[in-house]
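Please read the structure below before turning to the comments.
The values are calculated or read from the model by the stated rules, or taken from the named source; none is laboratory data. Because the structure is predicted, anything quoted here is derived from the model rather than measured. Cβ: placed from backbone, ideal geometry, glycine included. Neighbour counts: every protein chain shown. Surface accessibility is based on the protein's heavy atoms, side chains included, excluding ligands, DNA and RNA. Shrake-Rupley method; radii C 1.70, N 1.55, O 1.52, S 1.80 Å.
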Amino acid sequence: MRDINIEIVEVGLRDGLQNDPAMMNTDGKLEFIDRLIGAGVRRMEVASFVNPKRVPQMADSADIMARVPRDKGVTYIGLALNDKGMERALAAKCDEVNFVVVASDTFGLRNQNATPAQSLEVFENMMGTAKAAGTPCSITIGAVWGCPFEGEVPMDRVVRIAERAAHLGASEIGIADSIGVADPWEVKRRVEAVQKAIGDIPLRCHFHNTRNTGMANAAAAIDAGVRILDSSCGGIGGCPFAPGATGNIATEDLAFMLGRAGFQTGIGLSKMIETAHWLETVLGHTVPAMVSKAGLFPKAAA
Ligand code: ZN
């Protein structure tokens, strides 16, 4: 048994629901959060302080933050993409704010109306506000393994963005395969290059299973030393500004794979599977995850 802790950050409430055809109401989201806590999740992205006209699914973010249970040792993350969003995230008492910089110009302009260079300027200002408030601010670099508009993304561009984010004081740096085009070997190469560039700052990986490489990529990231991974219950999710992007890797599939290998995730699989089944009834459609269909192994395992 490899007695290593892997932190799973649940992103179903944000990346997941944001691109789901069904709209979940505030009470539904709060039940989703309760169920995830029951399944062992202790860090989750639940809110997004972007323009609600652009992302109506996230319009209730301040309400959600006002009503989440605060006594369970859970870290709640809110996404913010500009100063105004940062102020709203801090006012809503997010434990942590996450910012996104997309590694390609075209995708960046479509996603948040800013090139990577412009985004990093915005991030610099936001970091000042976050530091003054004593709230950690992480950054996720999007389209690290490929852009839906520009194609291949050069590795040195990713490394330069990561270096700059580290220099500006990001509490954690995430690298995201936003459109699911990475392969495990390129995951290893880019993880190693970014790790070298950011030193002691924790590195998180975010994979989408768009082309069925998600779990292999997660395994490659862990082999390369990553200890924090994003995933969504049921594998729901996508990106509304990236054509063809589909779900995140599924939390139950990831927790199953890691548990089989002897890693510690803190996730209770039976409860996570129950939550995925509950999601199917609430969303009115099946979810892409595999373990919630196949069941546990060995049968008695939780
Ligand atoms: Zn994503």
*Asp223 accessible area, 1.4 Å probe, all protein chains in place, Å² to nearest 10*: 120 Å²
*GluC sites (Glu not before Pro), restricted to segment 124-163: which are DSSP loop and have at most 16 other Cβ atoms within 10 Å?*
Glu150, Glu152
*Label Asp3 and Asp83 with points 7 Å out from Cα along Cα→Cβ: what is the distance between them in nm?*
5.0 nm
*Between Glu274 and Gln118, what is the label-to-label distance in nm when each label sits 7 Å out along the Cα-to-Cβ direction?*
4.8 nm
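By how many nm would the segment from Asp34 to Asn125 grow when fully extended, if each residue of separation counts as 0.36 nm and the alpha-carbon distance is taken off?
Full extension from Asp34 to Asn125 adds 29.4 nm.
Ignoring ligands, DNA and RNA, please state the percent of accessible area on segment 7-294 from carbon and sulfur, probe 1.4 Å.
After summing per-atom areas, the C and S share lands at 50 percent.
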*Return the long-range amide H neighbours of Ser48 (sequence gap of 5 or more, or a different chain), with a cut-off of under 5 Å between placed amide H atoms.*
Ser61, Leu79
*Classify segment 139-264: rounded, prolate or oblate, from the alpha-carbon gyration tensor (a ≥ b ≥ c, eigenvalue square roots; a/c under 1.5 rounded; otherwise prolate if a/b is larger than b/c)?*
oblate
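Which value, in Å², gives the accessible area per residue of the chain when a 1.4 Å probe is used on the protein heavy atoms? Walk me through the intermediate numbers first.
Numbers: 12400 Å² over 302 residues.
Value for the chain: 41 Å² per residue.
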*Of the listed peptides 185-193, 202-210, 135-143, 290-298, what is their order by residue-averaged count of other C-beta atoms within 10 Å, with the highest listed first?*
135-143, 202-210, 185-193, 290-298
*How much length is gained if the chain between Ala59 and Met290 is pulled fully straight, taking 0.36 nm per residue apart and subtracting their Cα-Cα distance, in nm to one decimal?*
80.1 nm
*Taking a cut-off of 21 Å between Cα atoms, list the lysines near Lys188, but don't count ones fewer than 8 places away on the same chain.*
Lys196
*Among all the lysines, which ones have a C-alpha under 23 Å from Lys29's C-alpha, if same-chain residues fewer than 8 places away are not counted?*
Lys53, Lys72, Lys93, Lys271, Lys293
